[in-house]
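A.B. asks: Below is a structure I'd like to ask you about.
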Amino acid sequence: MTLHRPDRLADALALLAGDAVALGGGTDLYPGLRDAAPPPHMVDLTRIAGLRGIRRDGTGWRIGGATTWTQVLKADLPPLFDGLRGAAREVGSVQIQNAGTVAGNLCNASPAADGMPALLALDATVELASDAGTRRVALADFVHGPRLTALARGEILTAIHIPDAAGRGAFLKLGARRYLVISIAMVAAVVATQAGRIVRARVAVGACSPVARRLAGLETALAGATADEVSAIVSACAFTELSPIDDVRASADYRSEAVKALVVRAVSATMEAK
Ligand SMILES: Cc1cc2nc3c(=O)[nH]c(=O)nc-3n(C[C@H](O)[C@H](O)[C@H](O)COP(=O)(O)OP(=O)(O)OC[C@H]3O[C@@H](n4cnc5c(N)ncnc54)[C@H](O)[C@@H]3O)c2cc1C
């Protein structure tokens with residue numbers, strides 16, 4: 001196996017136009033190999049200037065395609081990002097957060113990827129680049145199913161874009177134990193309020209459908225609600241976007257019940273005075 005470590009995006013894209021495979025922190029790729037040999041050519045993206053770190057751009061925020069979870073935790077971000085920060089804290093352990101990247105989490109396309117609901121609630125779009133050019137895709141259209149993304153051959157995720165918005169985020173993850181655990185369910189919310197009432201709510205759920213989903217019906221129902229009304233509104237909602245399954249971690253019924261409780265807690269957390 002040859003590990004290429006380019007420091008220019010153009011060099012990485014030229015390598016990836018052949019048979020090379022992109023590598024972030026390797027925290028999904030290497031465990032996924034099990035006993036198989038690694039691909040013959042891998043391209044480490046982490047040395048490329050412009051792919052690491054978070055910065056403001058004209059219309060919001062740009063998270064580079066090799067930004068680690070630890071960089072998310074250390075960045076000076078507004079309360080809008082409290083959910084993404086919460087997800088960063090929940091990804092594996094500190095060692096995994098130091099190596100693992102946000103982009104790798106999305107590109108791996110696991111139904112239990114903690115980054116997906118947090119970024120869906122932030123209305124994220126992803127920037128994809130190949131030696132043929134660059135395009136942008138809404139995150140909701142980027143992941144098609146377990147291990148299935150819109151990435152074309154030779155294309156990499158160069159950035160995640162988050163539009164400016166008012167509001168505060170929250171992220172809650174339920175697992176069979178407190179740390180280092182694959183999610184049974186997770187919920188991210190971004191809520192903007194005015195005079196104690198919800199002006200706009202964005203709520204996304206992971207690990208309860210093949211791809212994490214926004215709850216459009218609930219988001220509409222929450223508009224205008226006070227904190228005291230949230231629980232009743234959530235109870236009355238059918239959550240038709242979700243299709244939880246029975247698996248080794250939990251039953252579908254348990255997931256359905258747990259998600260309702262998590263949604264109430266996450267939305268309520270965003271409305272608490274800080
Ligand atoms: C012990 C352990 C605990 C974990 N706990 C959690 C957890 O709690 N929650 C969670 O969500 N995940 C968890 N993970 C999974 C993993 O750490 C995360 O998904 C991480 O964000 C993956 O990022 P990475 O940079 O390591 O990806 P990599 O392993 O480098 O890459 C993953 C896939 O994405 C592709 N890729 C990477 N970057 C790009 C890019 N910029 N453009 C195009 N393709 C790209 C690679 O080719 C590969 O197919 C855990 C993993 C381990 C080993």
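The values are calculated or read from the model by the stated rules, or taken from the named source; none is laboratory data. On a predicted model such as this, the values are computed, not experimentally measured, just so you know. Counting neighbours? That spans all protein chains shown, and the Cβs are built from the backbone with ideal geometry, glycine included. Side chains included, ligands, DNA and RNA excluded: accessible areas come from the protein's heavy atoms. Shrake-Rupley method; radii C 1.70, N 1.55, O 1.52, S 1.80 Å.
A.B. asks: Taking H as built 1.01 Å from N, whose amide H comes closer than 5 Å to the amide H of Ala159, not counting residues under 5 places away?
C.D. replies: Gly65, Glu127
A.B. asks: Let me see the pair-distance distribution of the stretch 1-44: every alpha carbon pair, 10 Å bin width, integer percents in order.
C.D. replies: Histogramming the stretch 1-44 at 10 Å steps yields 29, 54, 16, 1 percent.
A.B. asks: Tell me, what % of the accessible area of the chain is carbon and sulfur with a 1.4 angstrom probe? Kindly include the intermediate steps, with their values, before the conclusion.
C.D. replies: Details: 6600 of 12550 Å².
Reported share for carbon and sulfur atoms: 53 percent.
A.B. asks: Please list Cys107, Cys237, Cys208 in order of solvent-accessible area, largest first, computed with a 1.4 Å probe with all protein chains present. It would help to have the intermediate numbers written out before the result.
C.D. replies: Numbers: Cys107 45, Cys237 25, Cys208 0 Å².
Ranking Cys107, Cys237, Cys208 by accessible area, largest first, yields Cys107, Cys237, Cys208.
A.B. asks: Residue by residue through the stretch 191-198, what is 3J(HN,Hα) from phi via Karplus (6.51 cos²θ - 1.76 cosθ + 1.60, θ = phi - 60°)? Round to whole Hz and write x for glycine and proline.
C.D. replies: Residue by residue, the stretch 191-198 yields 10, 10, 10, 9, 6, x, 10, 6 Hz.
A.B. asks: Still on this structure: Grab the DSSP H runs of the chain that are 4 residues or longer, score each as -39,500 (n - 2.57), total them, divide by all residues and round the 222 nm result to the nearest 500 deg cm²/dmol.
C.D. replies: Calculated mean residue ellipticity at 222 nm is -8500 deg cm²/dmol.
A.B. asks: Could you do me a favour and compute the accessible area per residue for the stretch 5-46, 1.4 Å probe, result in Å²? Before the final figure, lay out the partial values.
C.D. replies: Numbers: 2270 Å² over 42 residues.
Accessible surface, normalised per residue, equals 54 Å².
A.B. asks: Computed from the mean reciprocal separation of all distinct C-alpha pairs, what Kirkwood hydrodynamic radius does the chain have, in Å?
C.D. replies: Details: mean 1/r = 0.0525 Å⁻¹.
Averaging 1/r across every pair of different Cα atoms and inverting gives 19.1 Å.
A.B. asks: Once the other residues with Cβ under 14 Å from the Cβ of Asp141 are scored (Lys, Arg +1; Asp, Glu -1), what is the net sum?
C.D. replies: Combined, the nearby Lys, Arg, Asp and Glu give +2.
A.B. asks: Which net charge results for the neighbourhood of Leu120, defined as the other residues with beta-carbon distances under 9 angstrom from its beta-carbon, given Lys and Arg at +1 and Asp and Glu at -1?
C.D. replies: Numbers: positive: Arg202, Arg213, Arg214; negative: Asp123.
Once positives and negatives cancel, what remains is +2.
A.B. asks: Which residue, chosen from Leu3, Gly83, Gly26, occupies the Cα position most advanced towards the positive end of the dipole of the chain, where the dipole is computed from +1 (Lys, Arg) and -1 (Asp, Glu) charges on Cβ about the Cα centre?
C.D. replies: Ranked along the dipole, the leading option is Gly83.
A.B. asks: If you keep only loop residues by DSSP, which trypsin sites (Lys or Arg not before Pro) in the stretch 104-212 have at most 14 other Cβ atoms within 10 Å of their Cβ? Walk me through the numbers before you get to the answer.
C.D. replies: On the way: sites: Arg135, Arg136, Arg147, Arg153, Arg168, Lys173, Arg177, Arg178, Arg197, Arg200, Arg202; in loops: Arg147, Arg153, Arg177, Arg178.
Here the sparse-neighbourhood loop sites are Arg147, Arg153, Arg177, Arg178.
A.B. asks: Rounded to the nearest 10 Å², what accessible area does Glu127 show when all protein chains are kept and the probe is 1.4 Å?
C.D. replies: 30 Å²
A.B. asks: So if I place +1 on the C-beta of Lys and Arg and -1 on the C-beta of Asp and Glu, and nothing else carries charge, what would the dipole magnitude of the chain be about its Cα centre? I want it in debye, nearest 20.
C.D. replies: Working: 29 positive and 26 negative charges, 99 e Å.
Roughly 480 debye for the chain.
A.B. asks: Turning to a different aspect of this structure: Note down the relative contact order for the stretch 168-271 as a percent, whole number, built from C-alpha pairs under 8 angstrom at least six residues apart. All intermediate terms of the calculation are to be shown ahead of the outcome.
C.D. replies: Details: 190 pairs, mean separation 31.0, N = 104.
So the answer I get is 30 percent.
A.B. asks: Can you tally the net charge around Trp61? Count Lys and Arg as +1, Asp and Glu as -1, for every other residue whose Cβ sits under 12 Å from the Cβ of Trp61. Walk me through the numbers on the way to the answer.
C.D. replies: Numbers: positive: Arg55, Arg56, Arg62; negative: Asp57, Asp76, Asp123, Asp164.
Here the charged neighbours net out to -1.
A.B. asks: Okay, moving on. Over the chain, what is the relative contact order in percent, taking alpha-carbon pairs closer than 8 angstrom and at least six residues apart?
C.D. replies: Working: 599 pairs, mean separation 44.1, N = 274.
Relative contact order of the chain: 16 percent.
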